[in-house]
Amino acid sequence: MNGITPIITEEERLVAELELLDIHYLSRQTNYRAESLRPPANLLASLVQQPSARVRGALIAVLLAHPEFADAMRAAMQHCSVTEQITLCYFYTAAMLLQQMYASTIRQQLGAQWRWLPDLFSAELDLTQRSTPRERLLLLGQLQQQRTHAFVNWAGTYQDVAQRLLRQWELEKVWAP
């Protein structure tokens with residue numbers, strides 16, 4: 001190299017930590033490798049606080065790949081602003097619904113680590129229990145769009161994260177020795 005040490009941003013640190021959780025679909029700008037993982041509540045809060053949408057969205061992948069992190073959601077909220085807490089609620093609920101939609105694939109991947117994500121926020125978000133997970137995911141996306149006043153296809157964003165993670169798992173199976 002030219003002797004210049006690259007600056008390791010918080011985003012870069014988080015993406016490297018995600019690799020420790022076997023979430024590899026996000027690219028990095030440096031060859032930085034994390035040696036340890038911050039506590040789950042801090043990781044979840046740090047993800048939702050990122051300016052980059054791709055890193056914020058990885059919160060959904062973390063919950064799908066590590067449903068035990070659901071236990072840290074309330075603690076994560078304590079490290080967040082009100083706006084970040086609301087985003088945590090939406091993304092957590094999206095992960096819960098995506099887990100229901102892709103349960104067999106995720107269960108097969110996780111094996112003994114599998115467990116259902118508990119429904120922590122549906123009542124607060126006013127999601128009805130009577131519709132399918134896919135219908136609830138679409139409604140959740142509409143609610144987040146109304147809340148954020150951003151014309152973002154939130155349901156598509158949630159789905160994209162799940163698809164990237166599932167594709168990563170599929171490729172890892174193909175390329176595993």
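Take Leu110 and decide whether it is crowded, with 19+ Cβ neighbours inside 10 Å, touching a helix residue (DSSP H, G or I) at 6+ places or on another chain (Cβ under 8 Å), of a type outside the set (Asp, Glu) and in a helix (DSSP H, G or I).
Values: crowded, with 19+ Cβ neighbours inside 10 Å: no; touching a helix residue (DSSP H, G or I) at 6+ places or on another chain (Cβ under 8 Å): yes; of a type outside the set (Asp, Glu): yes; in a helix (DSSP H, G or I): yes.
The answer is no for Leu110.
Select from the stretch 145-160 the residues that are in contact (Cβ under 8 Å) with a residue 40 or more places away in the chain and not hydrophobic (A, V, I, L, M, F, W, C) and write down the one among them that is nearest to Thr83 (Cα to Cα).
Arg147
Looking only at helices (runs of 4 or more DSSP H) that lie completely in the stretch 115-177, which have at least 1 residues being in contact with a Leu (Cβ under 7 Å, 6 or more places away or on another chain) and farther than 19 Å from Leu63 by Cα?
Details: elements: 122-125, 133-148, 154-175.
The qualifying helices (runs of 4 or more DSSP H) are 133-148.
Let me confirm something: among Leu18, Leu14, Leu43, which residue is under 21 Å from Leu171 (Cα atoms), modelled with pLDDT of 95 or more and outside any loop (DSSP other than H, G, I, E, B)?
On the way: Leu14 fails: under 21 Å from Leu171 (Cα atoms); Leu43 fails: under 21 Å from Leu171 (Cα atoms).
After ruling out the rest, the residue left standing is Leu18.
Name the single residue, out of those in the stretch 51-84 being part of a helix (DSSP H, G or I) and over 14 Å from the mean Cα position of the chain (by Cα), that is nearest to Ala155 (Cα to Cα). It would help to see each step written out before you state the result.
Step one: of the stretch 51-84, the residues part of a helix (DSSP H, G or I) are 53-65, 67-77, 82-84.
In the following step, the residues that additionally are over 14 Å from the mean Cα position of the chain (by Cα) were identified as 71, 74-75, 77, 82-83.
On the way: Asp71: 24, Arg74: 24, Ala75: 26, Met77: 22, Val82: 22, Thr83: 19 Å.
The qualifying residue nearest to Ala155 (Cα to Cα) is Thr83.
The values are calculated or read from the model by the stated rules, or taken from the named source; none is laboratory data. None of these values were measured; they are calculated from a predicted model. Cβ sites come from the backbone with ideal geometry, for glycine too, and all protein chains shown count toward neighbours.
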